[in-house]
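To start, the structure itself, in structure tokens.
Readers should treat all values here as calculations from the given coordinates under stated rules, not as data from a laboratory. Remember, it's a predicted structure, so these values are computed and weren't measured experimentally. Methodologically, a virtual Cβ is constructed for each residue, glycine included, from the backbone with ideal geometry; neighbour enumeration extends over all protein chains shown.
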Amino acid sequence: MTGGGLTDVHTHFFPDALLAAVDGRREPPCICTENGTRFLSFGPGPSRQYPLTPAMSDVEAKLAEMERAGITHSVLSVNMPGVDGLGDDGPAAARAVNDDMHRTAAAAPDRLSWLGVVALERPDSVAAEVRRCASSGACGVMIGSNVNGRPLSLDGDQALFDAAHEAGLAIMVHPSFPLSSESVADYRLTSILGFLFDTTTATLRLVLGGMFDRYPDLRFVVSHVGSLLPFIVGRIDYLSTERPGGMGELTVPPSEHLRRLYVDGVCLWPPALRLGTEFFGADHVMFGSDAPYWPMDRAVQTLTAVGLSGRDSLALAYATAAHVFVGGGRPPADAV
């Protein structure tokens, strides 16, 4: 990853290895075809699938889209369901996907980086695959907000956190098929609200469980401007003290730990990005587009409309991403 320009830390790519892993399955995750269009299904019902477009699996299409939007560098990640739901096939699929992502980024190393995937359903495979990702040049690991219906936890997923912390790899949490799936089954509520609720819950459970006490150098990235967290931080700090156990493992207000999170800027609403920047700090916020599901040019317009200048503008554009996914820690004073 190079400095300067505009770095997109939330942009998805589906390598052939992942498509091969889910093709032919009868239950989600699987590929289905309707009226000549192929869809990847991540849950039951038509609102739980998305079309497979050329920009998802064609590196030249991805690069062309970046060029049109003025994006200099992209950190590619596999969208849901990743390798969750594949059971015993998950570890082999993760290895194949990571090899494919490595080859994809290597085709344009000045323009592309990548996040690895791991089979959290099979914990015994996780540490070795995280280390393999690190040695193959991954700049982080992307995980879902739950593991095929199981909540994330520091104990249940200790292999992931131990290995990523030791290897110096960032962990980015992205929505999965939400645990609240029944209550958001209608309309487009899965995408509108269910994803954000699931990511918020997963992250807050980890933070209250003492994630940063256990892993003080961990760079943990939350999708979609921290999902709901910056909007409800007052409730979190107040209500966590109202009943015994509300603060979990923490001895300070939860907001002090929440500010240690990093977030991308995916929202398409400038006031939300302003709030996220105000709460987390510009050196903890990074530009993201959520392409190809959301248009890259709209993400650029949102960033421009926030009206940041100087150090803050450069931090969101590229400097924070360069340190989260390469160097770690806060950008030095002269970086932005």
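A few remarks follow.
- DSSP-loop GluC sites (Glu not before Pro) across the stretch 150-246, with at most 11 other Cβ within 10 angstrom: Glu242
- Positive-end residue, the chain charge dipole about Cα centroid, Cβ charges, pick of Phe42, Thr200, Ile232: Ile232
- 3J(HN,Hα) from dihedral phi, the stretch 240-250, Karplus parametrisation 6.51/-1.76/1.60, rounded to Hz, x for glycine, proline: 5, 9, 7, 10, x, x, x, 8, x, 8, 8
- Largest GNM mean-square fluctuation across Gly234, Gly281, Gly144, computed for the chain with C-alpha springs under 10 Å, falls on Gly234.
- The label-point distance for Thr304 and Arg214, in a model that sets each label 7 Å from Cα toward Cβ, rounds to 4.4 nm.
- Burial order of peptide ranges 116-122, 64-70 (average beta-carbon count within 10 Å, highest first): 116-122, 64-70
- Projecting the Cα atoms of Pro178, Leu189, Val300 onto the charge dipole of the chain (Cβ charges, centred on the Cα centre) puts Val300 farthest toward the positive pole.
- Largest first, the three principal axis extents of the alpha carbons in the stretch 194-313 are 47, 33, 25 Å in whole numbers.
- Considering only Pro254, Leu268, Ser309, the residue lying farthest towards the positive end of the dipole of the chain is Ser309, judged by Cα position with unit charges set on Cβ.
- Under the Karplus curve 6.51 cos²θ - 1.76 cosθ + 1.60, θ = phi - 60°, whole-Hz ³J(HN,Hα) for the stretch 140-147, x wherever Gly or Pro sits: x, 10, 9, 10, x, 6, 8, 10
- Burial ordering of Thr320, Thr251, Thr302, Thr203, fewest other beta-carbon atoms within 10 Å first: Thr251, Thr302, Thr203, Thr320
- Diffusion constant of the stretch 164-239 at 37 °C, which comes from Stokes-Einstein with the Kirkwood Cα-pair radius and 0.692 mPa s, µm²/s: 242
- Summarising the label geometry, the points placed 7 Å from Cα in the beta-carbon direction at Tyr238 and Asp16 lie 5.6 nm from one another.
- Dipole magnitude (debye, nearest 20) for the stretch 216-261, charges at Cβ of Lys, Arg, Asp, Glu: 120
- Paramagnetic label zone (point 7 Å from Cα along Cα-to-C-beta, Arg311; backbone N under 16 Å) in the stretch 245-286: 277-285
- Beta bridge orientation in the chain: antiparallel %, DSSP, nearest 5: 30
- Expected 222 nm ellipticity per residue - DSSP helices of 4 or more, -39500 (n - 2.57), all of the chain, to 500: -10500 deg cm²/dmol
- Relative contact order %, the stretch 116-181, counting alpha carbon pairs below 8 Å whose residues are six or more apart: 39
- In the frame of its principal axes, the stretch 127-210 has Cα extents of 43, 26, 17 Å, reported largest first.
- Student exercise, the chain dipole from Lys, Arg, Asp, Glu Cβ charges, in Debye to nearest 20: 340
- Efficiency of FRET between Trp269 and Asp297 - r from beta-carbon atoms, R0 22 angstrom, step 0.05: 0.90
- Rg/Rh ratio calculated on Cα atoms of the stretch 1-135 (Kirkwood radius): 0.98
- Rough spin-label spacing in nm, given labels placed 7 Å along Cα→Cβ, for Ser191 and Ser153: 3.3
- When the trypsin sites (Lys or Arg not before Pro) in the stretch 152-251 are filtered for DSSP coil states and for at most 15 other beta-carbon atoms within 10 Å of their beta-carbon, the remaining sites are Arg188.
- Expected-Rg normalisation [2.2 N^0.38 Å, Cα atoms] applied to the chain: 0.93
- Relative intensity, log₁₀ I(q)/I(0), of the stretch 120-173 from a Debye sum that treats every alpha carbon as a point, q = 0.17, 0.26 Å⁻¹: -0.47, -1.07
- Near the amide H of Cys30, within less than 5 Å, lie the amide hydrogens of Ser41, all on another chain or at least 5 residues away, with H placed in the peptide plane.
- With 10 Å bins from 0: P(r) over the stretch 146-193, alpha-carbon pairs, percent: 23, 40, 23, 13, 1
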